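Peer 1: Next up is a structure, given as structure tokens.
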Amino acid sequence: MNFDFSDEQKQIKDQARKFLNEKCTTRIVRKLYDGGGNFDPVLWAQIAQLGWMGTAIPEEFGGLGLGYLELCVIAEELGRALAPVPFSSTVYLFAEALLIAGTDDQKRRLLPGIARGEIVGTFARSEGPGAVTPKTIRTGFRNGRLSGTKIAVADGMDAHCAVVLARGSEEAGARGLHLALVDLNGAGIRREAVATLDPSRGAARLVFDDADAEALGALGQGWQLASRVLDGAAVLMAFEQVGGADACLAMAKDYAMTRYAFGRPIASFQAIKHKLADMYVNTELARSNAYYGAWALSTDARELPLAAAAARVSATQAFDYAAKENTQTHGGIGFTWEADCHFYYKRSRQLGLALGPQRAWKDKLVGELERSNAA
Amino acid sequence: MNFDFSDEQKQIKDQARKFLNEKCTTRIVRKLYDGGGNFDPVLWAQIAQLGWMGTAIPEEFGGLGLGYLELCVIAEELGRALAPVPFSSTVYLFAEALLIAGTDDQKRRLLPGIARGEIVGTFARSEGPGAVTPKTIRTGFRNGRLSGTKIAVADGMDAHCAVVLARGSEEAGARGLHLALVDLNGAGIRREAVATLDPSRGAARLVFDDADAEALGALGQGWQLASRVLDGAAVLMAFEQVGGADACLAMAKDYAMTRYAFGRPIASFQAIKHKLADMYVNTELARSNAYYGAWALSTDARELPLAAAAARVSATQAFDYAAKENTQTHGGIGFTWEADCHFYYKRSRQLGLALGPQRAWKDKLVGELERSNAA
Amino acid sequence: MDFEDSPEEAAFRAEVRAWLDANAAPRVEREAGNPLDERLDSGQMAKAKAWQKKRADRGYARITWPLGMGGIAGTPMQSIIYGQEETKYDVPSGAAFAIGLGMCIPTVMAYCGEETRARYVKPAVEGAEIWCQLFSEPAGGSDVAALRTRAEKNGDGWTINGSKIWTTGAQFSDYGLLLARTDPTVPKHKGLTMFYLSMTTPGVEVRPIRQASSGSGFNEIFFTDVRIADSQRVGEIGQGWQVALTTLMHERLAVGGGQGGGIDVPQLLQLARGLELEDGPAIRNAAVREKIADWYVRSAGLKYTTLRTMTALSRSQQPGPEASIAKIVVASKLQDLCAFALELEGEAGMLSGEEAPMHGMFQSGWLGAPGLRIAGGTDEILRNIIAERVLGLPGDVRVDKDVPFNQVPTGR
Amino acid sequence: MDFEDSPEEAAFRAEVRAWLDANAAPRVEREAGNPLDERLDSGQMAKAKAWQKKRADRGYARITWPLGMGGIAGTPMQSIIYGQEETKYDVPSGAAFAIGLGMCIPTVMAYCGEETRARYVKPAVEGAEIWCQLFSEPAGGSDVAALRTRAEKNGDGWTINGSKIWTTGAQFSDYGLLLARTDPTVPKHKGLTMFYLSMTTPGVEVRPIRQASSGSGFNEIFFTDVRIADSQRVGEIGQGWQVALTTLMHERLAVGGGQGGGIDVPQLLQLARGLELEDGPAIRNAAVREKIADWYVRSAGLKYTTLRTMTALSRSQQPGPEASIAKIVVASKLQDLCAFALELEGEAGMLSGEEAPMHGMFQSGWLGAPGLRIAGGTDEILRNIIAERVLGLPGDVRVDKDVPFNQVPTGR
């Protein structure tokens, strides 16, 4: 039985944690909250230096060629540190879309820049409130021209390129969808910053008006490819969420141990103890589900869709609970702008919505159970 | 503002409680659990003596002609006492079906006997696992003959008569359904006792094989009439459920105050205090929703379907929670056969399923909200 | 059982309505907002004060108070009826006066001499002077009596040093009711004394607290060598906790309590009607319907609980303990319902402000909800209160009970 | 990261499989039942004992124990591998020996002299003698150390009076490990002493406890003037609690813990596929799907947590504290999932036994779940344990800490 990270992977994790502990305190998150831009470019440059963006990118495309397990442990630490950088958009989504669907030329053109931290990428799917289904994709992609609006696109103000899910033909449902690769600095593209719950993670409305774009992957395969990209991203983001949940538990514990009421630490009251025990239980379950997702992703297993959905749902639930009950444990002080609790509260929701809400993943999960049960 | 029972109604309630405290201890429930029959005939005779079955039956049909508010307060006390008698089947369902849909002759024939406690009645709707929808009603009622099977029919072993929801024509959906009134001692009827979760409330499988029956209410109105009957019964049963939840809270509190662990009453531990506080909150909300249902029932208000659904859902949730957490508060001793906790646990589920599960009532509730919102 | 006024209530309602008709315009629409971010600018404040004066002159400012003190010596039910009717008119909010009139002035009336009462009651009820309550401290939290702000006897007056927090309305208050520690060598409840003071006294500084939801309805107050006279003492030295209990009891008498900022089932229903999910309109989705029903029965349960309380008042009975449950139910419901709404909105749920569906109502509710679960008693403290005061369960073990305050462990 | 055996593990697995192939038939089907109602009739017991002997002879009865004592001095991982393989064969349950070998005998091995060990260990590991644990009492509950069964020194032996409860397997046990109070005048943990005794000693009476779910897996044991020798003492006088902690520590080392009696998501999925709801097949209903997903992630989370624990064992590391969470998760899930299944079944959900869908599996699980939430530590105690032992939070205030046991308040 070998269901854990290796010593080498754990070492990468420890180093990442040490680095972020030092370079990515919540002070830099606070700076963005107070209006300091969409992300922290200094931190971005530093982690590029460490090669993190290229962790799972093969060496032939300029990456470190390590693998997904290594990327998972880094993701957990980024989540714990609330790192305000366009990592998930660029690495989990954009680079993965290229790796999964790109031509050799497309990979050569973009992946080395990603690995060096020079290219920020994103993935644009949603066009407005409600579920994202093939029916709701109205952005058109025909003859190399892209037209339509995407909102809210994570890191859309800072991305150089995007992969866009778009309709290429009138063919019904998913079969008419393509993935389009677009340079966001080209003509016919308007970007508008949109405010989101989490000011430390920028987002945009992208308006394409006959913009130049190229196909990524086979035409008509857009929906399937996007699903596969999302599965991988869900696993990686689950590690970010587990890291965030873990950080909340640690914060809540530290506060409860040092905060006294009625002559005793509040950590000695059952209401607090049981709350923290529940946080722990949820977080451990989420961690285990995320590990399974990591295994499935790293082996490109048949079980990936199920494992990804379970990791996603479990991690979203754990981070939600930990973030809100961390604030509650802190009491009034936890609801002030000066406390860090709200950074986690807002991030928990942002991550929980970014790849689509729990509901959609639960539906997918049960679909996978039905399929595997029938098989 | 006059949203409470009157002093006279409260007096009826106090008297009912005093009477049941004395005559309906859990000792008689235990007798039935240990195999003493389907219900307690002595208690049934005593409450007939008090006229409870006729509370809402007009005087001209042999009842006391009081009203639904008076019946509600009695229902709460029956629920609190776990009274093992066929009261709900006979009074909330069977008698109400007659009052709502019966001809003058039918009423004259049966209501006086109900009021005297001589006739036990029931209402048969479900034919097996899953939802009860017009589609699932296969029991046929044509030319005064009834054929089909109903399960689980509460008090079906002891009832003299039943109202049966049956299909009278091939017309699609609800429009082909009738209510049939049938003497269960007639030819072509087989009854089999079926075990249920709550041994103190008997139930049966009723098999009709070309049995003699008569129509109750207009043909084709069976579904609508059944809905109206269920709405009323849901309100009345909500009072039973609130009574049961209240009893659980009282039991849990008494136990927690007298049970010591670690040198202090367990009632002083937050885990227990907060559990009891939650029981209280749920029960008070359920009580308030039940009161609104009582108002709607007693005035036959347009709001009855919504009020009944809310009362039903709220009371089911409150009793479920109170019954299971009462056992939990008692710890090991609460899970023994000798303790009374399990009587409430089992009754809570039995009542929660008897008129159809929460799910169906929630769906109806939202349907009503949609309608009133659209109006 | 019905929802009708008694004949007396109906007559009073008609009288109120006639007066409101003559003095105010009907309300056109109500706006939902974050319940924790209520702020008044000075223009609004002037209007609020003018309206308060008008109400006081008519005796509708504090209906249960005596004639000539802003009231008509009315019943609690009449007070509720007035409130019900007033919400139908476009009048300024009386929120700025709520704490002063609901808590501070009743305490002054109960514990101060004739002269002080004559000086302060009337201006307060007429809206000319606004009061705030200075009890909570950073070090106290749920343990209010563990406050550390010192009042030291200094000649014939007192010197105040320390700070207070979570003070609603301090920025526009003229006076404050201050609970301070006068003797740290006795157990915590025994060393407290109550005072009042002008918020313009030298050494008093008010700083707004910025909340996690961006707004700032609360303040932090700093006291640096603030000198006040002994005549500003309210009650005996060392009796501060008993005086404070009077104040807090008045707080609990207020019917209702929790507010969800106008975000509830109807709004969720509206959202669900407008959104498409994977399998069709959200309103047809069984999971959505189930949630709507769950929250509806809690909202409706609260609504009818309030009507039961009002019925008790209408019958001149003591209201039951049911009123304690409102905030517990409302705050968690607000948090869960808004989180669910954001899920329905999907990726667009992360948008805040006007970009989001329904003007970002659910985002704003979700951001404010953690505050609502804490302010005025955390969920946990409210459950303690229900367990102890309503159900009569024993209190927790009290390790600080008989210990001199300055020897109680503080972890520091 | 993978789920493969290491080469050593694979070799051991092959060895075990070969032995099982030679000694047992493959399992045909597994039956779900109520986890709390496990009982053995005498025929089954004879078979179980025979199989235990066979395993002991091979060294597979207690793999981590020394050679010649039913073990092969193996690793915890080998023990797990054996367990995994054995479940694939149709062999008698070893449940009857679990408490004796898992808890009682390790305590005997740790605290008793050579002679006693030589007498008792082998018969126990070979299944000839069965042991039970006599700690819990009606008066104790979650506060195990508050037990009241007295052992009084009497000449060169002891006289036992009192009663024990929740004793699993007492009806077929030969010996019991007994924790008794030898000095009620000192604080509760200090006045305890551990003994062992034959369950056939005069004055010992075993009565089954009937559970709310109808079954009776537990017993109550009464001691009336039971005489035992001082040589039956385990550890020093007054050291009983320390000895008991050894016993209980062995309990905690058991991997896994909670069992849902084979009622979980796959069974619910099967039910949902077969039922029609108002709007079509239950499996297509969004609310049903949401619940299935919620429970699936909890079950899967537990499953993979167990694999993480096994990985730690496989790597010869200390398993993490994750194992503590199993029963909390399983018990509540069982109760909620079964209640939900009953709701799906509708009015027919109230049927019990064979009349109900899927042989009444969900009814039986629902009836047993309250017991699972209590037995072996209530939900509340387990949360305390996680908070204190895993997270390192402080214990609750202990009013009975330094008080002589006979002066601790009991409410009586």
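Taken together, the values in this text are just the output of simple stated rules run on the coordinates, not laboratory data. Please read all numbers here as calculations on a predicted model, not as lab measurements. Cβ placement follows ideal geometry from the backbone for every residue including glycine, while neighbour counts extend to all protein chains displayed.
Peer 1: Using θ = phi - 60° and the Karplus curve 6.51 cos²θ - 1.76 cosθ + 1.60, what whole-Hz ³J(HN,Hα) does each residue of the stretch C:83-97 get, with Gly and Pro shown as x?
Peer 2: Going residue by residue, I get x, 4, 6, 4, 5, 7, 10, 8, 10, x, 5, x, 4, 5, 9 Hz, with x marking Gly and Pro.
Peer 1: How far is A:Leu219 from itself in the other copies, in nm, if each label sits 7 Å out from Cα along the Cα-Cβ line, shortest first?
Peer 2: For A:Leu219, the inter-copy label distances come out at 6.3 nm.
Peer 1: Rounded to the nearest 20 Debye, what is the dipole magnitude of chain D about its Cα centre when Lys and Arg each give +1 and Asp and Glu each give -1 at the C-beta? List each step's numbers first, then the result.
Peer 2: Details: 44 positive and 51 negative charges, 200 e Å.
In total the dipole reaches around 960 debye.
Peer 1: If R₀ is 25 angstrom, what is the calculated FRET efficiency for the pair B:Glu8 and C:Phe3, using the beta carbon separation as r and rounding to 0.05? Write down the numbers at each step before the final one.
Peer 2: On the way: r = 19 Å, r/R0 = 0.77.
E(calc), rounded to 0.05, equals 0.80.
Peer 1: What number results when the radius of gyration of the stretch C:257-377, computed over Cα atoms, is divided by 2.2 N^0.38 Å?
Peer 2: Working: Rg = 16.2 Å, N = 121, 2.2 N^0.38 = 13.6 Å.
Here the Cα radius of gyration is 1.19 times the empirical estimate.
Peer 1: Over chain B, how many percent of alpha carbon pairs lie in each 10 Å bin up to the one with the longest distance?
Peer 2: Going from the shortest bin to the longest, the percentages are 5, 24, 34, 24, 9, 2, 0, 0.
Peer 1: How big is the dipole moment of the protein assembly as shown about its Cα centre under a simple scheme where the beta carbon of each Lys and Arg is +1, that of each Asp and Glu is -1, and everything else is neutral? Debye, nearest 20, please.
Peer 2: Numbers: 172 positive and 188 negative charges, 360 e Å.
With Lys and Arg at +1 and Asp and Glu at -1, about 1740 debye.
Peer 1: Moving on to the next point. Just grab the label-to-label distance for C:Gln239 and A:Lys23, each label 7 Å out from Cα along the Cβ direction, in nm (one decimal).
Peer 2: With each label point 7 Å from Cα toward Cβ, the separation is 6.5 nm.
Peer 1: Distance between Cα centroids, the stretch B:280-298 to the stretch B:310-346: provide it in whole Å.
Peer 2: If we compute the Cα centre of each part, the gap is 20 Å.
Peer 1: I've got another one for you. Of the options D:Cys104, D:Ile81, D:Gln133, report the single residue whose Cα projects farthest towards the positive end of the charge dipole of the stretch D:24-173 (beta-carbon charges: Lys, Arg +1; Asp, Glu -1).
Peer 2: About the Cα centre, the residue reaching furthest to the positive side is D:Ile81.
Peer 1: Show which lysines lie in cross-link reach of D:Lys327 when reach means a straight Cα distance below 21 angstrom and same-chain residues fewer than eight apart are skipped.
Peer 2: Cross-link targets: A:Lys273, A:Lys275, B:Lys275, B:Lys324, D:Lys291, D:Lys303.
Peer 1: Okay, which of the stretch D:73-93 sit inside 15 Å, backbone N to the point 7 Å along the Cα-Cβ direction of D:Ala11?
Peer 2: What the label zone holds, given the 15 Å backbone N cut-off, is D:74-75, D:78.
Peer 1: Considering only D:Gly235, D:Ser214, D:Phe195, whose Cα is most displaced toward the positive end of the charge dipole of the stretch D:131-239, charges sitting on Cβ of Lys, Arg (+1) and Asp, Glu (-1)?
Peer 2: Selected residue: D:Ser214.
Peer 1: Excluding residues fewer than 8 places away in the same chain, name every one of the lysines whose C-alpha is closer than 19 Å to that of A:Lys31.
Peer 2: A:Lys23, A:Lys346
Peer 1: How far, in nm to one decimal, is A:Gly65 from itself in the other copies if the label point is set 7 angstrom along Cα toward Cβ? Shortest first, please.
Peer 2: The answer, with the shortest distance listed first, is 9.8 nm.
Peer 1: With a sphere of radius 12 Å drawn around the Cβ of A:Ala204, what net charge do the other residues whose Cβ falls strictly inside it have (Lys, Arg +1; Asp, Glu -1)?
Peer 2: Details: positive: A:Lys150, A:Arg190, A:Arg191, A:Arg201, A:Arg205; negative: A:Asp155, A:Asp158, A:Glu192, C:Glu355.
Once positives and negatives cancel, what remains is +1.
Peer 1: Taking the simple approach of a point 7 Å from Cα along Cα-to-Cβ for both C:Ala25 and C:Phe172, what is their distance in nm?
Peer 2: Once both label points are built, they end up 2.0 nm from each other.
Peer 1: May I pose another question? Compute the angle between helix A:7-23 and the longest alpha-carbon principal axis of chain A, please, reported from 0 to 90 degrees and rounded to the nearest 10.
Peer 2: The two axes meet at around 80 degrees.
Peer 1: What does the charge add up to near D:Phe3, with Lys and Arg as +1, Asp and Glu as -1, over the other residues with Cβ less than 12 Å from its Cβ? Intermediate results must be reported in sequence, preceding the final value.
Peer 2: Details: positive: D:Lys303, D:Arg308; negative: A:Asp4, A:Glu303, D:Asp2, D:Glu4, D:Asp5, D:Glu9.
Local net charge: -4.
Peer 1: Rounded to whole Å, give me the distance from the Cα center of the stretch C:58-102 to that of the stretch A:44-77.
Peer 2: 66 Å
Peer 1: Hey, another quick one. Specify the angular offset, from 0 to 90 degrees and rounded to the nearest 10, of the alpha carbon long axis of helix B:222-258 from the longest principal axis of the alpha carbons in chain B.
Peer 2: Around 10 degrees separate the two axes.
Peer 1: How would the stretch B:7-115 be classified by its alpha-carbon gyration tensor: rounded, prolate or oblate, with rounded meaning a/c under 1.5 and the a/b versus b/c comparison settling the rest?
Peer 2: Working: a/c = 2.40, a/b = 1.42, b/c = 1.69.
Oblate, because a/c is 1.5 or more while a/b does not exceed b/c.
Peer 1: Sticking with this structure for a sec: Taking only the alpha-carbon positions of the stretch C:131-239 and ignoring solvent, what does the Debye formula give for the base-10 log of I(q)/I(0) at q = 0.12, 0.14, 0.17, 0.22 Å⁻¹?
Peer 2: Ignoring solvent entirely, the Cα scatterers give -0.37, -0.51, -0.74, -1.20.
Peer 1: Tell me, what is the FRET efficiency for B:Arg138 and A:Ala301 to the nearest 0.05, using R0 = 51 angstrom and their Cβ-Cβ distance as r? Mind showing how you got there, number by number?
Peer 2: Details: r = 47 Å, r/R0 = 0.91.
That gives a FRET efficiency of 0.65.
Peer 1: Using helices alone, what [θ] at 222 nm do you get for chain D, with -39,500 (n - 2.57) per DSSP H run of 4 or more residues, divided over all residues and rounded to the nearest 500? Please list the in-between numbers first.
Peer 2: Details: 12 runs with 161 residues, N = 412.
Value at 222 nm, helices only, nearest 500: -12500 deg cm²/dmol.
Peer 1: Dipole of chain B, Cα-centred, from +1 at each Lys and Arg C-beta and -1 at each Asp and Glu C-beta, to the nearest 20 debye?
Peer 2: Details: 42 positive and 43 negative charges, 200 e Å.
In debye, rounded to 20, chain B gives about 960.
Peer 1: Give the span of chain C's Cα atoms along each principal axis, as three whole-Å numbers ordered largest to smallest.
Peer 2: The principal-axis extents, from largest down, are 76, 55, 44 Å.
Peer 1: Same structure, new question: Just flag the GluC sites (Glu not before Pro) in the stretch D:175-249 sitting in loop per DSSP whose Cβ has no more than 10 other Cβ atoms within 10 Å.
Peer 2: Working: sites: D:Glu205, D:Glu220, D:Glu236; in loops: D:Glu236.
Answer in residue order: no site qualifies.
Peer 1: Antiparallel as a % of all DSSP beta bridges within the protein assembly as shown, to the nearest 5?
Peer 2: So the antiparallel bridges in the protein assembly as shown amount to around 85 percent.
Peer 1: Starting from the Cα of D:Lys47, draw a straight line to each of the lysines and keep only those under 23 Å, dropping any in the same chain fewer than 8 residues away.
Peer 2: D:Lys88, D:Lys122
Peer 1: Take the Cβ-Cβ distance between A:Ala218 and A:Thr258 as r, set R0 to 56 Å, and report the resulting FRET efficiency rounded to the nearest 0.05. Can you show the working numbers first?
Peer 2: Details: r = 58 Å, r/R0 = 1.03.
With R0 = 56 Å, the Cβ-Cβ based efficiency is 0.45.
Peer 1: Grab the other residues whose beta carbon is less than 14 angstrom from that of A:Gly186, score K and R as +1, D and E as -1, and report the net. The partial results should precede the final answer.
Peer 2: Details: positive: A:Arg145, A:Arg190, A:Arg191; negative: A:Asp183, A:Asp209, A:Asp210, A:Asp212, A:Glu214.
Result for the local shell: -2.
Peer 1: Follow-up question, since we're still on this one. Once the Cα atoms of helix D:265-274 and of chain D are each reduced to a long axis, what angle between those two axes, in degrees from 0 to 90 to the nearest 10, is obtained?
Peer 2: Value to nearest ten degrees: 40.
Peer 1: Of D:Ala387, B:Ser89, C:Gln335, which is farthest along the charge dipole of the protein assembly as shown in the positive direction, counting Lys and Arg as +1 and Asp and Glu as -1 at C-beta?
Peer 2: Toward the positive end, the furthest listed residue is D:Ala387.
Peer 1: Among chain B residues, which Cβ is nearest the axis of the B-onto-A rotation, and at how many Å?
Peer 2: So the chain B residue sitting closest to the axis is B:Gln270, 2.
Peer 1: Here's something else I'd like to know. What are the distances, in nm and sorted shortest first, from the label point of B:Ser372 to the label points of the same position in each other copy, with each label point placed 7 Å from Cα along the Cα-to-Cβ direction?
Peer 2: Those separations, rounded to one decimal, come out as 4.5 nm.
Peer 1: Further, regarding this structure: Can you tell me the convex hull volume per residue for the protein assembly as shown, based on C-alpha atoms, in Å³ to the nearest whole number?
Peer 2: On the way: hull volume 309.3 nm³, N = 1574.
It is 197 Å³ per residue.
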